[in-house]
Amino acid sequence: MNSKSSDFMFQIFALIGAVILVHAVYVTVIRPNADALIAEQMAREAAGETYIQQRSLYIVMRDYEQEACFVLMLWAFAIMGLKAQRTMRERKLLDKSLLNVNEGTTVLPEDARDLSRPIQALPEEERDYLLPRTLLTALQRFGSSRDIDAASNSIRESCDTEGDRLDSELAMVRYITWAIPSIGFIGTVRGIGEALAQAHKAVQGDIAGVTVSLGVAFNSTFIALVISIVIMFFTHQLQLMQERLVLDTHNYCDNRLVRFLKVS
């Protein structure tokens, strides 16, 4: 199974796992406690008691829109966690000496094949990382064209392509970041609609239903915006890690390979 297929299967199972986990927490913890608190508040209002209504986290999180937002949040974290793990594994290769080139050594086009062998001997998974791919491409280009500029351009092209690929793979995370506030606004519309449907009760003095519906409207938007802010922060951190990886790979190739190249 190639990396694209494995990533797709991981995303599917991560989504299923997030749905099961979040729904289990909602069914066993959040909704029972929220319903108990709401029932207590309504009983006090019906009895005409004067009390200060406490803002409970259970009530803020109880509705279906908030549940959907938490599912998407865990899904996004799983996707970003997988990509961050791969990025950190790739960074470890930057600390290894993949090229047997010492200071003062000259690398000729005839040496390209010998220098490629240690890289080709890496495990299959590591050969697919950015640094080995870039080094092999540069050595092959230098060996075939006998042109230093061609090798340098191949490094730049490889890094630019990898940067574009990494950016495109974050499209799903960006979609989730956009979808979460949208779900929150759906809860807002639903809550306001329910409140308007009970306006006649409020006119008669029964504001309990209107209060609950307006709570749905504002709580869903509140939770969605908070989650969106958190996901955006981690998305930018992941993107920064990936951009640094590409930049450091380019510098590694320049410092460990290109500056030793020479055409006799």
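Values quoted throughout were computed directly from the atomic coordinates according to the rules given, and no laboratory measurement underlies them. What you see is a predicted model; the values in this text were computed from it and never measured. Here Cβ is always computed from backbone atoms with ideal geometry, including for glycine, and neighbour counts include all displayed protein chains.
Run the Debye formula on the Cα coordinates of the range 1-43, all scatterers equal and no solvent, and tell me log10 I(q)/I(0) at q = 0.13, 0.27 1/Å.
-0.48, -0.84
Arranged by the count of other C-beta atoms within 10 angstrom, fewest first, what order do Ser228, Ser152, Ser6 take?
Ser6, Ser152, Ser228
Restricting to Cα pairs below 8 Å that are 6+ residues apart, what does the relative contact order work out to for the chain? Please round to a whole percent.
Dividing the mean separation by the residue count of the chain yields 27 percent.
Mind sorting Tyr129, Tyr64, Tyr175 by how few other Cβ atoms lie within 10 Å of their own Cβ, fewest first?
Tyr175, Tyr64, Tyr129
How would you rank Phe77, Phe70, Phe13, going from fewest to most other Cβ atoms within 10 Å of each one's own Cβ?
Starting with the residue having the fewest Cβ neighbours, the order is Phe13, Phe77, Phe70.
How tilted is helix 3-25 with respect to the longest principal axis of the chain? Cα atoms for both, answer in degrees (0 to 90, nearest 10).
The angle comes out near 20 degrees.
Evaluate the distance, in nm, between pseudo-label points positioned 7 Å from the Cα of Arg256 and of Lys92 along their respective Cα→Cβ axes.
Label-label distance for Arg256 and Lys92, simple model: 1.5 nm.
Which residue fluctuates the most in the chain, going by a Gaussian network model with Cα springs under 10 Å, if the choices are Asn219, Asn100, Asn33?
Of Asn219, Asn100, Asn33, the Gaussian network model singles out Asn100 as fluctuating most.
Taking every pair of alpha-carbon atoms in the chain, what share in percent sits in each 5 Å bin, from 0 to the bin with the longest distance?
P(r) for the chain, in whole percents per bin: 1, 5, 10, 12, 12, 9, 8, 7, 6, 6, 5, 5, 4, 3, 2, 2, 1, 1, 0, 0.
For the Cα atoms of the chain, what angle does the longest principal axis make with the long axis of helix 31-46, in degrees from 0 to 90, nearest 10?
Helix 31-46 sits at roughly 30 degrees to that axis.
Full-extension gain between Phe218 and Val189, please, as 0.36 nm times their residue separation minus the C-alpha to C-alpha distance.
Extra length from Phe218 to Val189 when fully extended: 9.5 nm.
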